[in-house]
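Each reported figure results from applying straightforward, stated rules to the coordinates on display, with no laboratory input. Since the structure is predicted, the reported quantities are computational estimates derived from the model, not experimental observations. Glycine also receives a Cβ, built like all others from the backbone with ideal geometry; neighbour counts cover every protein chain displayed.
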Amino acid sequence: MTMTTPAYMDPKKIHSLTLHCAATPEGRDVKAATISQWDIAKFGQVSYHIVVELDGSAVRTLADDRRGAHVGGKNTGNIGICYVGGVDAQNKKPKDTRTEAQKATLRRLVAEYRQRYPGIVVRGHRDWPGVAKACPSFDVASAL
């Protein structure tokens, strides 16, 4: 599949921030570029605006003014942040595998987006109506 240019999204209309996990096994050091390659192969574009790697690095993969491909039918006005991990080491069960560095980066990013876009709603992928996934493998409301 070839990559398409993601659609423009008016930054003044950003209303949601959705946290995701990459569903990669605990401890596997998958880089943001690899996740983006997987997304291009599957969806024809990069899915997430930021990917948080195991060391806590926040890698920008899509500009905020571009629509991602991370919550089916709910991507307009929605920023997607994904952390590497989310599944146990055996790749069988959802698990909160965030490193301390990832937790700190996610807290910082959420705070920055809340400041940049007052009133933004922060939720996990699984918190969207009709989504039957464990992603991001932790409870966003209580963790952030």
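Does Thr76 satisfy being β-branched (Val, Ile, Thr) and in a loop (DSSP other than H, G, I, E, B)? It is true that Thr76 is β-branched (Val, Ile, Thr) and in a loop (DSSP other than H, G, I, E, B). Residues in region 80-93 that are in contact with a strand residue (DSSP E or B) (Cβ under 6 Å, 6 or more places away or on another chain) and over 19 Å from Gln37 (Cα atoms) were compared, and the one that is surrounded by the most Cβ atoms within 10 Å (Cβ to Cβ) is Val87. Here Thr97 passes the criteria (1) among the polar types (S, T, N, Q); (2) in a loop (DSSP other than H, G, I, E, B); (3) free of Cβ contacts under 8 Å to residues at least 60 places away in the same chain except the one numbered (3). Here Asp29 meets each of (1) farther than 22 Å from Asp127 by Cβ; (2) in contact with an Asp or Glu (Cβ under 6 Å, 6 or more places away or on another chain) with one exception, condition (2). Of the candidates Gln102, Gln45, the single residue that is in contact with a Leu (Cβ under 9 Å, 6 or more places away or on another chain) and more than 20 Å from Arg123 (Cα to Cα) is Gln45.
Scan region 36-61 for residues that are part of a helix (DSSP H, G or I) and touching a helix residue (DSSP H, G or I) at 6+ places or on another chain (Cβ under 9 Å) and report the count. Spell out the reasoning first.
Quick first cut of region 36-61, residues part of a helix (DSSP H, G or I) only: 36-43.
Still in the list and also touching a helix residue (DSSP H, G or I) at 6+ places or on another chain (Cβ under 9 Å): none.
Total satisfying the criteria: 0.
Looking across region 128-144, just one residue is part of a helix (DSSP H, G or I), in contact with a strand residue (DSSP E or B) (Cβ under 8 Å, 6 or more places away or on another chain) and either among the polar types (S, T, N, Q) or without any contact (Cβ under 8 Å) to a residue 60 or more places away in the chain (or both), and that is Ala141. Applying the condition of being under 22 Å from Ala141 (Cβ atoms) and assigned to a strand (DSSP E or B) to region 8-35 and asking which residue is farthest from the chain's Cα centre (by Cα) yields Ser16.
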